[in-house]
Amino acid sequence: MEPRILELRREIDRINRELLALLSERARIASEIGRIQTELGLGHYDPAREEEMLAYLTAENPGPFPDGTVKKLFKEIFKATLALEEQEDKRKFLFSRETRPEDTQVRVRDAVFGGGAPLLIAGPCAIESEEQMDATAAFLAERGVKVLRGGAFKPRTSPYAFQGLGVEGLKIGRAAADRYGMAFVTEVMDTRDVEVVSEYADILQVGARNMQNFALLREVGAARRPVLLKRGLSATVEEWFYAAEYVLSQGNDQVILVERGIRTYEKWTRNTLDLSGAVLAKQLTHLPVVVDVTHAAGRIDLLAPLARAALAAGVDAVHVEVHPNPKVAMSDNNQQMDFAQFDAFLSQVRDLLEPAAAKRG
Ligand code: PEP
Ligand code: MN
């Protein structure tokens with residue numbers, strides 16, 4: 001190699017290193033600004049500030065690069081800096097896998113969510129009577145289901161529809177679960193009910209319609225009970241994670257995320273199961289993830305295929321509604337399985353479930 005070129009290349013190498021050191025120093029200072037902006041609740045992107053910097057850089061441009069090139073180079077630097085600030089923002093979230101790389105396990109009696117072996121959560125939409133809950137719990141426990149569901153406080157679209165049995169329902173649900181050694185999950189809709197629901201339930205469910213009820217999220221975050229957090233009807237994945245963050249930020253790290261279908265233009269299913277959302281939840285958070293196929297599909301013929309898809313995608317549990325006699329159920333009667341339908345469902349998903357549920361039935 002020509003010695004003059006060699007020498008000049010060494011000069012270029014030295015400048016590259018200096019540029020890199022300066023860029024790194026610039027990035028550190030920009031990150032510090034980013035942290036302060038976050039603390040103050042301000043965004044990182046400030047177009048006026050970028051314009052100002054580009055203006056003095058072009059004014060002071062000594063050449064040989066034309067102004068357009070200088071602008072282009074610095075815009076790349078601004079873009080990379082912004083991306084860095086945004087990434088640092090995400091890293092600090094409690095839900096994030098970057099904050100906690102290992103899976104969070106939620107243990108409730110015999111059930112472990114996120115323990116590697118997928119579970120089933122099953123039970124009627126609403127708790128209607130002692131007989132109904134007893135028959136359902138007996139049937140499900142016999143098949144190895146460890147988590148019994150049933151609503152005592154029901155979020156109904158019409159204020160004139162059955163609203164649930166309230167505290168009486170909580171008692172019935174608790175007693176049925178105890179009789180068959182199951183864990184009991186039920187919805188809490190009001191901050192004023194968190195205490196009484198915690199008294200009877202093992203897991204507090206926050207329903208889709210309340211996913212952004214921030215007062216409720218804070219209240220269940222302060223309760224010392226695991227929280228089953230359903231994704232809102234029209235919530236983005238990010239909004240769902242932020243809702244989880246509300247609970248986690250109160251010191252309660254026992255959060256289970258539930259994808260239950262989102263509202264789309266599709267009419268042949270009640271909602272549209274967003275399997276990508278469930279997989280994103282597994283990848284980006286450390287929390288256990290459940291797919292509620294009943295509320296997602298709203299029709300029984302889709303439950304087993306959707307459950308198989310969800311389990312194959314790696315979710316920690318599947319949620320279904322089961323009722324001794326769905327025709328006379330007081331809510332969601334088109335989508336609840338009767339016992340024979342549940343047995344058929346189980347036979348189709350059994351091989352993907354934890355051994356306890358897989359053995360029996
Ligand atoms: C339910 O679980 O019965 C329920 C009302 O679900 P969601 O909040 O997902 O509609
Ligand atoms: Mn329901």
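Read the figures in this text as sums done on the coordinates, not as results from a lab. Fair warning: this is a prediction, and the values are worked out from it, not measured in the lab. As a convention, Cβ positions derive from the backbone with ideal geometry for all residues, glycine included, and neighbour counts pool all protein chains shown.
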- [ ] Calculate how steeply helix 237-248 sits against the longest principal axis of the alpha-carbon atoms of the chain, using the helix alpha-carbon long axis, and give the answer as 0 to 90 degrees to the nearest 10.
- [x] 70
- [ ] Any chance you could give the angle, 0 to 90 degrees and rounded to 10, that helix 3-39 forms with the longest Cα principal axis of the chain?
- [x] 40
Open item on the list: For the chain, take every pair of Cα atoms, bin their distances at 10 Å starting from 0, and report each bin as a whole percent.
Closed with: 5, 21, 27, 16, 10, 9, 7, 4, 1, 0
TODO: Pop a pseudo-label 7 angstrom from the Cα along the beta-carbon direction at both Arg209 and Asn16 and give the gap in nm to one decimal.
DONE: 6.3
Task: Around Lys171: net Lys/Arg minus Asp/Glu count, Cβ-Cβ under 11 Å - done: -3
TODO: Indicate the gyration tensor shape class of region 281-361 (rounded, prolate or oblate), computed on the Cα atoms with a ≥ b ≥ c the square roots of the eigenvalues: a/c under 1.5 is rounded; otherwise a/b larger than b/c is prolate and the rest oblate.
DONE: oblate
TODO: Using Cα pairs closer than 8 Å and at least 6 residues apart in sequence, work out the relative contact order for the chain, in percent.
DONE: 15
Task: Per residue convex hull volume, Cα atoms of region 173-223, in Å³ - done: 66
Task: region 254-270 - phi-based ³J(HN,Hα) in whole Hz, Karplus 6.51/-1.76/1.60, Gly and Pro as x - done: 9, 10, 10, 8, 10, 8, 10, x, 10, 7, 10, 6, 5, 10, 7, 10, 5
Task: Low-density loop cleavage sites - GluC sites (Glu not before Pro) in region 1-34, where at most 10 other Cβ are within 10 Å (DSSP) - done: none
Task: Of Ile12, Ile36, Ile172, the one that fluctuates the most in a GNM where the chain has Cα springs shorter than 10 Å - done: Ile12
Open item on the list: Around Gln105, under 11 Å between beta carbons, what's the net of Lys plus Arg minus Asp minus Glu among the other residues?
Closed with: -3
Open item on the list: Compute the distance from the alpha-carbon center of region 2-25 to that of region 235-255, in whole Å.
Closed with: 48
Open item on the list: Which order do the peptides 111-118, 67-74, 239-246, 252-259 come out in when sorted by mean C-beta neighbours inside 10 angstrom, highest first?
Closed with: 252-259, 239-246, 111-118, 67-74
TODO: Taking only Cα atoms and a 10 Å spring cutoff, compute GNM fluctuations for the chain and point out the largest among Tyr56, Tyr180, Tyr265.
DONE: Tyr56
Task: Contact order relative to length of region 157-263, as percent, for alpha carbon pairs under 8 angstrom and 6 or more apart - done: 21
- [ ] Any chance you could give the angle, 0 to 90 degrees and rounded to 10, that helix 339-349 forms with the longest Cα principal axis of the chain?
- [x] 40
Open item on the list: Check which residues have an amide H placed less than 5 Å from Ile256's amide H, if you skip close sequence neighbours.
Closed with: Val227, Leu228, Leu229
Open item on the list: Amide H of Met337 versus every other amide H placed in the peptide plane: which residues, excluding those fewer than 5 positions away on the same chain, fall under 5 Å?
Closed with: Glu321, Val322, His323
Task: Convex hull of region 131-216 built on C-alpha atoms - directionally averaged projected area, nm² - done: 5.8
Open item on the list: Which of Phe214, Phe345, Phe184 has the fewest other C-beta atoms within 10 Å, and how do the rest follow up to the most?
Closed with: Phe214, Phe345, Phe184
Open item on the list: How long are the semi-axes of the equivalent ellipsoid of region 6-133, taking √(5λ) for every eigenvalue λ of the Cα gyration tensor, in whole Å from largest down?
Closed with: 54, 20, 12
Task: Over the chain: helical MRE at 222 nm, DSSP H runs n ≥ 4 each giving -39500 (n - 2.57), nearest 500 - done: -15000 deg cm²/dmol
TODO: Name all residues of region 73-88 having a backbone nitrogen under 17 Å from the label point set 7 Å from the Cα of Arg35 along its Cα→Cβ direction, giving them as ranges.
DONE: 82, 84-88
TODO: For the chain, give the share of DSSP beta bridges that are antiparallel, in percent and rounded to the nearest 5; count only bridges with both residues there.
DONE: 15
- [ ] Could you check which residue among Leu120, Leu54, Leu306 shows the biggest mean-square fluctuation in a GNM of the chain with a 10 Å Cα cutoff?
- [x] Leu54
